[in-house]
């Protein structure tokens, strides 16, 4: 029997939530599984990865194969949480900040001209 450690998708439309499960390779993606060994939520910031590494290693020693996605999650879980978070800004926000920086530069230039005299 071919056993895989893979993701099973749960959650509503456009709100995915994944369970990391050990399942027979012939069973459906969200169908019957042998054991749940973790959870993954990509919507939180930073992404939430809860894995039972001991169980995963135990299943690997028994011959279970990790899918590419689960292998990446295991690597990320072993590295630990990232401390740096990237904040995406809208075009309006970037334009507003550029305008404020331009005004500040003009004010500094005007102040420098005034102090030279």
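Throughout, read-outs are computed from the coordinates displayed, never taken from laboratory work. Everything numeric in this text was worked out from a predicted model, so none of it was measured. Every residue, glycine among them, receives a Cβ derived from its backbone with ideal geometry; neighbour counts consider all protein chains shown.
Which angle between 0 and 90 degrees, to the nearest 10, do you get for helix 91-116 versus the longest principal axis of the chain when only C-alpha atoms count? In the chain, helix 91-116 runs at an angle near 30 degrees to the longest axis.
Run the numbers on the chain and let me know its relative contact order in percent, using alpha-carbon pairs under 8 Å that are six or more apart. Before the final figure, lay out each step's value.
Working: 136 pairs, mean separation 23.3, N = 117.
In percent, rounded to a whole number, it is 20.
So how tilted is helix 68-79 from the main axis of the chain? Cα-based, degrees 0 to 90, rounded to 10. The angle comes out at about 60 degrees. Stretching residue 17 away from residue 108 to a fully extended chain increases their span by 27.7 nm, per 0.36 nm per residue minus the current alpha-carbon distance. Structural size metrics of the chain, computed from C-alpha coordinates, are Rg and Dmax of 24.7, 87 Å. Extension gain for residue 55-residue 43 works out to 1.8 nm (0.36 nm per residue, less the C-alpha to C-alpha distance). Comparing 69, 101, 23 in a Gaussian network model of the chain, where Cα atoms under 10 Å apart are tied by springs, the biggest mean-square fluctuation is seen for 101. When 56, 49 are arranged by Cβ crowding within 10 Å, least crowded first, meaning fewest neighbours, the order is 49, 56.
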